[in-house]
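Data block below; observations after.
The values are calculated or read from the model by the stated rules, or taken from the named source; none is laboratory data. Values in this document were obtained by computation on a predicted structure and should not be read as measured data. Every residue, glycine among them, receives a Cβ derived from its backbone with ideal geometry; neighbour counts consider all protein chains shown. We work out accessible area using only protein heavy atoms, side chains counted, and drop any ligands, DNA or RNA first. Shrake-Rupley method; radii C 1.70, N 1.55, O 1.52, S 1.80 Å.
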Amino acid sequence: MKKWSAGLVLGLALVIGVPKVSSASTLLLSHTGAANPTTEGWTFSGTVETGAITNDQDSGVDAWRVYEQGGGVSHAGTYNKTLTTTQLSDAVLTGWTMDATIRFVPPDSLANTPLSNNAWCTFLVDEGVAGKRDLYGIYFGSDTSGNTLVRLYSFGSTYTVSPGYHDYKLSWDPETGLASFFIDGEFKTSYSGTTIDNTGTSRVYWGDNTTTVADDGRGAHYAYVGLTVGTAAAMAPEPTRVAFFVLASLGCLLRRQRMIC
């Protein structure tokens, strides 16, 4: 009986999965609330309007404003933070997660704003291919109803969310080479990023950029931007229905064995 039980338990463990070893997560860089990002170690370049926002629209959320002021002139503005060699190595070896809490601000008067020339939050990372870096970007726009449009850079579907603040997450797993994309904690898709012909530093950057002249301003309020390493899936997938079935069967069989004994 003991040998039979051990075999079934082993089979159950294989179905359920066992925890994978995972390094502790480390926050490498962040922007939080209404703090001026330059006081948090970010560098700024551009001509957009910026400034602190407190209790945005009575939401209780503080943020940093990055606003393309329009007026028939093209503007852009970017906050950058470069990874050190050690930080880059940790990100590639142990996985990374980029989190952002953002409210996209559509133009006034309300109009459609395309996803190609607006606010974004991006991680540009050298994954070891000579002369190339991979870009993982979340881009924002709006429709004529004021809803926020969200799209991953050069990838697939456009997601529509209600106006206001939302949480966005890209979590990259070094075992698969894919980043899982979440909106408000809900998984949306897997994303391989986009390899670009470029050399230079690995960095996180966010802000507003446009290649078109806008008459009416628009931009985004950034309540949080952060990059952590060592955060790739720490556990195997949760037990499936098959696992629960095996578990239930094990209980019944054990009870029968007791009765026979």
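Restricting attention to the stretch 213-220, does a residue exist that is modelled with pLDDT under 65 and either within 28 Å of ALA111 (Cβ to Cβ) or crowded, with 18+ Cβ neighbours inside 10 Å (or both)? Steps first, answer last, please.
Looking only at the stretch 213-220, we keep the residues that are modelled with pLDDT under 65, and these are 213.
Of the ones still in play, those that are also either within 28 Å of ALA111 (Cβ to Cβ) or crowded, with 18+ Cβ neighbours inside 10 Å (or both) are 213.
Checked against the condition, which is being modelled with pLDDT under 65 and either within 28 Å of ALA111 (Cβ to Cβ) or crowded, with 18+ Cβ neighbours inside 10 Å (or both), the stretch 213-220 yields at least one hit.
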### Query
Pick from the stretch 195-206 the residues that are modelled with pLDDT of 95 or more and in contact with a Ser or Thr (Cβ under 6 Å, 6 or more places away or on another chain): which of them is most open to solvent (accessible area, probe 1.4 Å)?
ARG203
### Query
If you check PHE140 against the conditions, is it open to solvent by 20 Å² or more (accessible area, probe 1.4 Å) and among the hydrophobic types (A, V, I, L, M, F, W, C)?
no
### Query
Cβ-Cβ below 7 Å, separation at least six or inter-chain, first residue in the stretch 29-44 and over 16 Å from ALA100 (Cα atoms) and hydrophobic (A, V, I, L, M, F, W, C), second open to solvent by less than 30 Å² (accessible area, probe 1.4 Å) and assigned to a helix (DSSP H, G or I): which pairs?
PHE44/PRO37
### Query
What tally of residues in the stretch 133-150 results from selecting those that are closer than 12 Å to GLY193 by Cα and either out of contact with any strand residue (DSSP E or B) (no Cβ under 9 Å at 6 or more places or on another chain) or not aromatic (Phe, Trp, Tyr) (or both)?
5
### Message
Every residue in the stretch 46-73 that is crowded, with 17+ Cβ neighbours inside 10 Å and part of a helix (DSSP H, G or I), please.
### Response
ASP56
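Residue by residue through the stretch 158-184, note down the ones that are in a loop (DSSP other than H, G, I, E, B) and open to solvent by less than 70 Å² (accessible area, probe 1.4 Å).
Step one: filter the stretch 158-184 for residues in a loop (DSSP other than H, G, I, E, B), giving 162-164, 174-177, 184.
Of everything in the stretch 158-184, those that are in a loop (DSSP other than H, G, I, E, B) and open to solvent by less than 70 Å² (accessible area, probe 1.4 Å) turn out to be SER162, GLY164, PRO174, GLY177.
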